Amino acid sequence: MSLSVPTVGGELMKNLSPAPAQRKSTASSRLAAPPAYASAAATLSYDAKPQVKSRATTHVEQVVGELRSWMLLNENWDGEGAHRPIEHSLAEAEAFVRLLEGRTDRIPEPMLLASGSSSLYWNIDDLYADLEFLGNNRVAYFIKRNEDKHKGVLAFDAKQVPAVFQALILA
Amino acid sequence: MTQSKCPPCSKLLFWLKGVWRNIFRSGPDCTGIFGRTSDDNRVPDVNSEAPDCACEKCPTSKHSPGIVGDSEKLALFAFSPMHFDRKGKIKPNIFSHVHQKGRSVQRSDLASDEELCEFLTSFLNDGSDRAWRGVLIGKCQDVRALFAPNSTSRSVCVYDTAERSNPSHAELFQSQHIAEADQPELRAMLFSIFGNGQPIPPPNFRNGLIWGKLPQELKSR
C-alpha cells in the first residue's frame, strides 16, 4: 500500500494559521500526515514504507516562509532601532504573494522596513517595484516599468491582485 | 562653512558660533532640537521644529567636525541578514530609517580607518548573526538634489550628527514634504543614488585597510 502526502499549497495551506510562537522552522515542502493517514499508517506492516511524493519548495513558499519567520522578531531586529514587525502587514504581504502562485515567474523579494511594515520588492530587468503593506488593508506602491513611473496608495482585500498591479507587474 | 581639517579649530569655531547665535538669536538651536527629540520620532520632531532642512546649516552636536558639505561622499555600511536578499543583493529597505529615525551614514572623506573599524566592530559585536557585506557610496549633493513630487521643496536633509566615538556620523532625514505615499519612491531614489544596490565589497573598500583591521571572528561570519 502506498501513501501520498498532501502537497503544499492550495486548500491545505489556506487552512494553516500562523502560529509563530510554536513554529520552529520556516515553510517546508514536507508536511506531517493528517490524522486520517496517520491511522491508516498504524496498520501497515513494518516493511510497507509509505511512498512520499516530494518536490522542491516553490519560490512563493520560500517568500511565505521568510515572511512568517519575521513574526518572531522583536524590537531592534536590525540593530538600529527598527520597530517590531507588524503582524497585519506581514499577513497582507503573505496574502498578496500567494495570489501570485502560478500566475507569474516574477516572484518578489520580501522586505522588512524599519517601521515594522513589510514590503514586496521587484528589481528584475525592466521592472522595479516596491509594494509596502501598511497593515490596514492599504498598499503604498512605487513601480517603474521601463521608463514609466507609477505610485500611490490603494486598497487591498487579500482576495485578488489589484488591477493596477496586474497591469504593471504581472503583464 | 567648509569642512575643516583641524578638529580643534572646528571645535573653537563651533563654540564661537554658539556664542554668536545665543547673543543674536540667529537660526534654530539645532543642538537643542536634536538633543530633545524622541527616539522613535526623530525625523518628524526635527522637521517640526526646523523645517526645510534648516539644521543642515549648523552642527547638531558638540562633537561636530563641521557641517556636511555638498561635495562630500557618504558611506552606508550594509550588513546581512538585514539588508540582503537570498541572492546576495542589497534591498531598498536599507533606506527605510530615513522616514522615522534617520538613516545613519558615515562621512567617508572625514572618517579615519580607526573610527570606521571601531564603528564596525561595535556594531558587529552587538549581534552574532550580523556580517559586514559591503559599503554603498553616495554623493551628498545628489541626495540634497532630490525634490518632493511636483515641488521645488527638498526631499532629504543631510545632517551632521557627530557622536563622541563616531565624529564622522551623519544622518539622512526625509523632509516634511514627503507623504506616506511617496516613501516607496523615496527609497527607490536613494537606492539609485547609492549605487543601485551594488556595494563595494569589504576587502575592496579603502584597499582593504578597514577589513584587515577587523578581528578574524568578525570577518569569517
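The values are calculated or read from the model by the stated rules, or taken from the named source; none is laboratory data. Computed from a predicted structure; not experimentally measured. Cβ sites come from the backbone with ideal geometry, for glycine too, and all protein chains shown count toward neighbours. Heavy atoms of the whole protein, side chains included, go into the accessibility calculation; ligands, DNA and RNA do not. Shrake-Rupley method; radii C 1.70, N 1.55, O 1.52, S 1.80 Å.
If you take the residues of segment A:160-170 that are loosely packed, with under 13 Cβ neighbours inside 10 Å and in contact (Cβ under 8 Å) with a residue 24 or more places away in the chain, which of them is farthest from the other protein chains (Cβ to nearest Cβ)?
The extreme case among them is A:GLN160.
Here are some residues: A:PRO85, A:PRO110. Which one is in a loop (DSSP other than H, G, I, E, B) and buried (at least 16 other Cβ atoms within 10 Å of the Cβ)? Before the answer, list the steps.
Values: A:PRO110 fails: in a loop (DSSP other than H, G, I, E, B).
Of the residues listed, the single one that is in a loop (DSSP other than H, G, I, E, B) and buried (at least 16 other Cβ atoms within 10 Å of the Cβ) is A:PRO85.
What number of residues within segment B:31-46 are under 16 Å from the mean Cα position of the chain (by Cα) and more than 23 Å from A:HIS83 (Cβ to Cβ)?
0
Please work out which residue is farthest from B:ARG164 (Cα to Cα), limiting yourself to segment B:59-74 and to residues that are surrounded by fewer than 21 Cβ atoms within 10 Å (Cβ to Cβ) and among the small types (Gly, Ala, Ser).
By that ranking, first place goes to B:SER71.
If we scan segment A:121-130, do we find a residue that is small (Gly, Ala, Ser) and within 25 Å of B:ARG103 (Cβ to Cβ)? Full working, then the answer.
First pass over segment A:121-130, keeping only residues small (Gly, Ala, Ser): A:129.
Pick out the ones that are also within 25 Å of B:ARG103 (Cβ to Cβ) and you get A:129.
Within segment A:121-130, one or more residues are small (Gly, Ala, Ser) and within 25 Å of B:ARG103 (Cβ to Cβ).
Do we have any residue at all in segment A:99-116 that's in contact (Cβ under 8 Å) with a residue 12 or more places away in the chain and touching a Gly at 6+ places or on another chain (Cβ under 7 Å)?
Within segment A:99-116, one or more residues are in contact (Cβ under 8 Å) with a residue 12 or more places away in the chain and touching a Gly at 6+ places or on another chain (Cβ under 7 Å).
Are there any pairs with C-beta distances below 6 angstrom linking a residue in segment A:124-150 that is open to solvent by 10 Å² or more (accessible area, probe 1.4 Å) to a residue that is aromatic (Phe, Trp, Tyr), with the two at least 6 apart or on different chains, and if so which?
Between residues of segment A:124-150 that are open to solvent by 10 Å² or more (accessible area, probe 1.4 Å) and residues that are aromatic (Phe, Trp, Tyr), the close pairs are A:ASN137/A:PHE156; A:LYS144/A:TYR128.
List every residue pair whose Cβ atoms lie under 8 Å apart, where the two residues are 6 or more positions apart in sequence or sit on different chains, the first residue falls within segment B:27-46 and is open to solvent by less than 50 Å² (accessible area, probe 1.4 Å), and the second residue, located anywhere, is among the small types (Gly, Ala, Ser) and assigned to a helix (DSSP H, G or I).
Note: pairs meeting the criteria are B:PRO28/B:ALA54; B:CYS30/B:ALA54.
Can you tell me which residue in segment A:67-77 is surrounded by the most Cβ atoms within 10 Å (Cβ to Cβ), limited to those that are touching a strand residue (DSSP E or B) at 6+ places or on another chain (Cβ under 8 Å) and closer than 12 Å to A:ALA91 by Cα? Walk me through it before giving the result.
Step one: of segment A:67-77, the residues touching a strand residue (DSSP E or B) at 6+ places or on another chain (Cβ under 8 Å) are A:67, A:70, A:73, A:77.
This time we only want the ones that are closer than 12 Å to A:ALA91 by Cα, so: A:67, A:70.
Working: A:LEU67: 28, A:TRP70: 22.
For segment A:67-77, the residue satisfying everything is A:LEU67.
Pairs needed: first member in segment B:154-167, farther than 8 Å from B:SER61 by Cα; second member anywhere, assigned to a strand (DSSP E or B) and basic (Lys, Arg); C-beta distance under 9 Å; at least 6 residues apart or different chains.
That search, which allows pairs on different chains as well, returns B:VAL156/B:ARG103; B:PRO167/B:ARG107.
Give me the residue from segment B:146-192 that is closer than 25 Å to B:SER71 by Cβ and basic (Lys, Arg) and, out of that set, surrounded by the most Cβ atoms within 10 Å (Cβ to Cβ).
Checking each candidate, the answer is B:ARG187.
When you check B:GLY208 against the structure, is it free of Cβ contacts under 8 Å to residues at least 12 places away in the same chain and either out of contact with any Pro (no Cβ under 8 Å at 6 or more places or on another chain) or open to solvent by 60 Å² or more (accessible area, probe 1.4 Å) (or both), yes or no? Explain how you work it out, then say what you get.
On the way: free of Cβ contacts under 8 Å to residues at least 12 places away in the same chain: yes; either out of contact with any Pro (no Cβ under 8 Å at 6 or more places or on another chain) or open to solvent by 60 Å² or more (accessible area, probe 1.4 Å) (or both): no.
In short, no.
In segment B:193-205, which residue that is surrounded by fewer than 16 Cβ atoms within 10 Å (Cβ to Cβ) and under 18 Å from the mean Cα position of the chain (by Cα) is nearest to the other protein chains (Cβ to nearest Cβ)?
Of the residues in segment B:193-205, the ones surrounded by fewer than 16 Cβ atoms within 10 Å (Cβ to Cβ) are B:196, B:198, B:200-201, B:203-204.
From what's left, under 18 Å from the mean Cα position of the chain (by Cα): B:196, B:200.
On the way: B:ASN196: 9, B:ILE200: 19 Å.
Filtering segment B:193-205 for residues that are surrounded by fewer than 16 Cβ atoms within 10 Å (Cβ to Cβ) and under 18 Å from the mean Cα position of the chain (by Cα), the one nearest to the other protein chains (Cβ to nearest Cβ) comes out as B:ASN196.
Of these, B:PHE77, B:PHE14, which one is at pLDDT 90 or above and buried (at least 21 other Cβ atoms within 10 Å of the Cβ)?
Values: B:PHE14 fails: at pLDDT 90 or above.
None of the other options fit; the residue is B:PHE77.
Quick one: which residue in B:VAL135, B:VAL98 is open to solvent by less than 50 Å² (accessible area, probe 1.4 Å) and more than 9 Å from chain A (Cβ to nearest Cβ)? So that I can check it myself, show each step before the final result.
Numbers: B:VAL98 fails: more than 9 Å from chain A (Cβ to nearest Cβ).
Going through B:VAL135, B:VAL98 in turn, the sole match is B:VAL135.
Could you check how many residues of segment A:137-159 are more than 11 Å from chain B (Cβ to nearest Cβ) and within 18 Å of the chain's Cα centre (by Cα)? Outline the logic, then answer.
Taking segment A:137-159 as the starting set, the residues that turn out to be more than 11 Å from chain B (Cβ to nearest Cβ) are A:137, A:145-148, A:155-159.
Then drop every residue that is not within 18 Å of the chain's Cα centre (by Cα), which leaves A:137, A:156-159.
Number satisfying all stated conditions: 5.
Go through segment B:113-168 and give me each residue that's at pLDDT 90 or above and on the phi > 0 side of the Ramachandran plot.
Across segment B:113-168, the qualifying residue is only B:GLY134.
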